[in-house]
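K.L.:
Input: one structure, supplied below.
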Amino acid sequence: MNSTDTLILNFTDEGLKPSIAVTQYDSGRKVTCCIAGVTGEISLASVYCKKPSGSEVYKDAEIINGNTIEFEIDPQMIAETGTAECQMQLTGENKTLTSFGFDLKIRKNLLSESRITSSR
């Protein structure tokens with residue numbers, strides 16, 4: 001079971017900063033990135049995430065085709081509530097391109113702190 005968000009990352013125009021709302025500690029979230037403004041072959045893609053505390057996560061992404069890249073949101077990326085700042089980095093043809101930033105808006109998982117005892 002997965003929940004998949006779509007993110008458009010334009011490498012030539014910063015525009016409005018994209019964001020994705022997620023729930024803290026979830027483990028079934030994926031992001032499909034539509035890449036714009038990039039030509040040539042992409043051989044490696046990764047996602048960098050700076051958590052609200054300043055801790056960092058660096059994760060490989062999967063290249064689906066020349067302009068579509070997917071990555072799973074690692075539970076470590078969303079272990080803290082608040083805003084995690086992220087960027088995608090692409091490598092190919094002996095060059096590296098880094099996207100403008102996008103945010104993960106991490107909302108508190110109320111169930112993780114629940115002390116309700118089941119009656120069934």
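The values are calculated or read from the model by the stated rules, or taken from the named source; none is laboratory data. Please read all numbers here as calculations on a predicted model, not as lab measurements. Positions of Cβ are backbone-derived with ideal geometry, glycine not excepted, and every protein chain shown enters the neighbour counts. When the accessible area is computed, the model is the full protein with side chains, heavy atoms only, and any ligands, DNA or RNA have been set aside. Shrake-Rupley method; radii C 1.70, N 1.55, O 1.52, S 1.80 Å.
K.L.:
State the percentage of accessible surface on region 1-110 attributable to carbon and sulfur atoms; use a 1.4 Å probe and exclude ligands, DNA and RNA.
P.N.:
Of the solvent-accessible surface of region 1-110, carbon and sulfur hold 44 percent.
K.L.:
With equal scatterers on the alpha carbons only and no solvent term, can you work out the Debye log10 of I(q)/I(0) for the chain at 0.12, 0.17, 0.23 1/Å?
P.N.:
Those come out to -0.45, -0.83, -1.37, one per q.
K.L.:
On to the next question. Among the DSSP beta bridges whose two residues both lie in the chain, what percent are antiparallel, rounded to the nearest 5?
P.N.:
70
K.L.:
Something else: Enter the accessible area per residue of the chain (Å², integer; probe 1.4 Å; all protein chains in place).
P.N.:
Counting only protein heavy atoms, the per-residue value for the chain is 62 Å².
K.L.:
Using a 7 Å offset from Cα along Cα-Cβ at residue 21, what residues in region 72-98 end up with backbone N under 16 Å from the label point?
P.N.:
Within reach of a label on residue 21, which here means backbone N under 16 Å from a point 7 Å along Cα→Cβ, region 72-98 contributes 81-84.
K.L.:
Now, a different point. Once ligands and nucleic acids are excluded and a 1.4 Å probe is used, how much of residue 107 is accessible, expressed in Å² to the nearest 10?
P.N.:
Residue 107 exposes around 130 Å² with every protein chain in place.
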